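The values are calculated or read from the model by the stated rules, or taken from the named source; none is laboratory data. On a predicted model such as this, the values are computed, not experimentally measured, just so you know. Using ideal geometry, Cβ is built from the backbone for each residue, glycine included, and neighbour counts are taken over all protein chains shown. We work out accessible area using only protein heavy atoms, side chains counted, and drop any ligands, DNA or RNA first. Shrake-Rupley method; radii C 1.70, N 1.55, O 1.52, S 1.80 Å.
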Amino acid sequence: MASLGSLVPQAQPPQFYQAYYGALSGRIITFIGLDHVYRSWWFIVTGALLTVNLLTCSIKRIKKVPGLQGWGSIILHLSILVILAGAFISGLLGRSNYIEIGNGDVIDLGAYGFPGYSLQLKGFRIEYYENMQPKQYISDISFITAKGDEFAREIMVNRPLKVGDLKIYQTSYGWLVRGQVLVKDNWQPFDLKSGRAFVVDPNKNERLVFYFIPDGIHPSSPLPSNPQLIVTLFREQQVLAREILAEKETKNVGGYAVTFFDYRYYSGLTLKKDPGIGVLYAGFIVLLVGLILRYLSPEKRQGVDK
């Protein structure tokens, strides 16, 4: 049953399961708790029953242990209990979230399930190969803990920042665009991820969608040598107007004046806190000890030699 937590994506909103698995299957997944397997009542009850069973068997065997092999068997059973304990701690207390933070911004991580922590993106850069294919994504971050301790360092793909049982991973990146839109004689600012929409008339479902292009509409490089902003006005799914703006330029897009100020990177980071990971590692060490005593003890080798 624990494998269901690997087969079904965990901790997603209900709309995700209905869109991915279908309306009926999505409702069933959320109803029986497959969207949070390790916190569901049936998984906890099953684990508790298994724990009681293993403890009972181990206590009975301790009273008549037949040498090292017997102790190895008991330790193997107890290691499963330790691993289960680590899994329950991770399932109940572990947290994971994905954030997108603009270059230079500061985020209070309390809204993401990490109260008391804050994070600042001091800088973001991409290293390229000679053929201009991305080689590495690097975020220069400052992380402040609930106790006020600050950790400032660069993180990159496969090299996360570790602070206690919290890890911060470099996951993705993209562009943010900043400007303003004139709506009913009122200039309204925007600072949006490329591809996001800015609603200008909710009654007509009219929205402006911004697409940032670092090197023009015929790019030869991923670097922002000729930055442009494609602005498209939609009503429902219908395209009403489209214009291309250079930096600092203002144009009329279907009756709405749009100014493109500037652009910057954002960094996509995954935060994971798993207080049960140490218990899991301890469980596997105990498991290894049990295997050695059970199958590699002098008693076992003597039996093989005979």
inquiry  = Suppose we filter the stretch 140-186 for residues that are among the small types (Gly, Ala, Ser) and either open to solvent by 40 Å² or more (accessible area, probe 1.4 Å) or under 21 Å from residue 116 (Cβ atoms) (or both); how many remain?
reply    = 5
task = For residue 131, indicate whether it is modelled with pLDDT of 90 or more and more than 19 Å from residue 231 (Cα to Cα).
result = no
remark   = the stretch 81-148: strands (runs of 3 or more DSSP E) wholly inside it with 1 or more residues that are free of Cβ contacts under 8 Å to residues at least 24 places away in the same chain are 106-108, 118-128, 134-144
ask   = If residue 169 satisfies every condition in (1) farther than 26 Å from residue 245 by Cα; (2) part of a loop (DSSP other than H, G, I, E, B) but one, which is the exception?
value = (2)
Per-region count, the stretch 187-235, residues open to solvent by 40 Å² or more (accessible area, probe 1.4 Å) and of a type in the set (Asp, Glu) = 1
note = Conditions (1) crowded, with 19+ Cβ neighbours inside 10 Å; (2) small (Gly, Ala, Ser); (3) on the phi > 0 side of the Ramachandran plot -> residue 87 fails only (3)
Top-ranked residue of the stretch 14-73 - restricted to ones that are over 25 Å from residue 94 (Cα atoms) and not in a helix (DSSP H, G or I), ranked as modelled with the highest pLDDT = 22
ask   = Which of the residues belonging to the stretch 114-128 are surrounded by 13 or more Cβ atoms within 10 Å (Cβ to Cβ) and of a type outside the set (Lys, Arg)?
value = 114, 117, 118, 119, 120, 121, 123, 124, 126, 128
